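Okay, so here's the structure we're looking at.
The values are calculated or read from the model by the stated rules, or taken from the named source; none is laboratory data. Bear in mind that the values here come from a model prediction, so they are computed numbers and not experimental data. All Cβ positions, even for glycine, are placed from backbone atoms using ideal geometry, and neighbour counts span all protein chains on display. Side chains included, ligands, DNA and RNA excluded: accessible areas come from the protein's heavy atoms. Shrake-Rupley method; radii C 1.70, N 1.55, O 1.52, S 1.80 Å.
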Amino acid sequence: MINWIWICMAAIGIIYAMFSGNMEAVNEAIFESAAQAVTLAIGLISILVFWLGMMRIAEEAGILRGLAKLFRPIISKIFPEIPKDHPALGYILSNLTANMFGLGNAATPLGIKAMEEMKKLHNNSDTASRSMITFLILNTTGLTLIPTTVIGIRMQYESASPTEIVGVTLLVTGIGTIAGLAIDRLFYYKSTWGKS
């Protein structure tokens, strides 16, 4: 559906430009934007490769396992339906860790694996389980310690201080995560009260 919306918007813009005599400006903007997109993508690739390498080093050094052990009691309380040694918890922890470092692209495959494991626990049902909904909320609100991708974009556009957003990002994503979990629990307990 979204693809059709974008296609319609682009078509309307091009048709309007043809009738208003601005087709030359539209062509110029298309090629200029394409060049900027390639430059931005190449710049972001270098930053993502660096942080993915750091994640690999942290994994090999056992830092991620240490983080997993540190956060496992908290995650077990957030996801009480998942058994303590189930692989889903490992994928959830890895996904959340990648999101904390602003590596959304690296977090995506881990999030998909976590959802697949939770679906197995839910007898492969097409209905989302409580754990799946909670994980989706955590993944969407995405508590971020270091917004790597945004810092990379700010560096690409030669920001005077590309890292000045770290504190604000931590504050906003922290509030979002707490609010998301609070609403998740409110709706869960409200639905369980209605059944009893």
Completion exercise
Of the residues in region 38-50, those that are closer than 12 Å to Ile153 by Cβ and without any contact (Cβ under 8 Å) to a residue 40 or more places away in the chain come to Ala41
Practice task
Taking only region 134-157 into account, find how many residues are at pLDDT 85 or above, surrounded by fewer than 14 Cβ atoms within 10 Å (Cβ to Cβ) and over 12 Å from the mean Cα position of the chain (by Cα).
Solution key: 0
Practice task
May I ask you to verify whether Val172 is of a type in the set (Val, Ile, Thr) and free of Cβ contacts under 8 Å to residues at least 12 places away in the same chain?
Solution key: yes
Handout entry: Any hit, region 163-172, residues being within 16 Å of the chain's Cα centre (by Cα) and crowded, with 17+ Cβ neighbours inside 10 Å
Key = yes
Handout entry: Contacts under 7 angstrom Cβ, first residue in region 129-153 being touching a residue at least 60 places away in the same chain (Cβ under 8 Å) and within 16 Å of Thr97 (Cβ to Cβ), partner surrounded by 18 or more Cβ atoms within 10 Å (Cβ to Cβ) and β-branched (Val, Ile, Thr), 6 or more apart
Key = Leu138/Thr177; Thr148/Ile47
Exercise for the section: Within region 19-27, identify whether any single residue is hydrophobic (A, V, I, L, M, F, W, C) and farther than 29 Å from Glu158 by Cα, and answer yes or no. Expected result: yes
Problem - Within region 114-133, considering residues that are part of a loop (DSSP other than H, G, I, E, B) and of a type outside the set (D, E, K, R), the one most open to solvent (accessible area, probe 1.4 Å) - result: Asn123
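For (1) over 21 Å from Asp184 (Cα atoms); (2) polar (S, T, N, Q); (3) open to solvent by less than 60 Å² (accessible area, probe 1.4 Å); (4) assigned to a helix (DSSP H, G or I), each residue gets a yes or a no:
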position	(1), (2), (3), (4)
Glu59	yes, no, no, yes
Gly66	yes, no, yes, yes
Lys69	yes, no, no, yes
Ser76	no, yes, yes, yes
Glu81	no, no, no, no
Gly90	yes, no, yes, yes
Leu93	no, no, yes, yes
Problem - Checking Thr39 against (1) at pLDDT 80 or above; (2) more than 18 Å from the chain's Cα centre (by Cα); (3) hydroxyl-bearing (Ser, Thr, Tyr), the condition it does not meet - result: (1)
Fill in the blank from the handout: Sole miss for Gly111 among (1) open to solvent by 50 Å² or more (accessible area, probe 1.4 Å); (2) under 27 Å from Ile151 (Cα atoms); (3) at pLDDT 80 or above is condition (1)
Practice task
Determine whether Phe187 is of a type in the set (A, V, I, L, M, F, W, C) and more than 17 Å from the chain's Cα centre (by Cα).
Solution key: yes
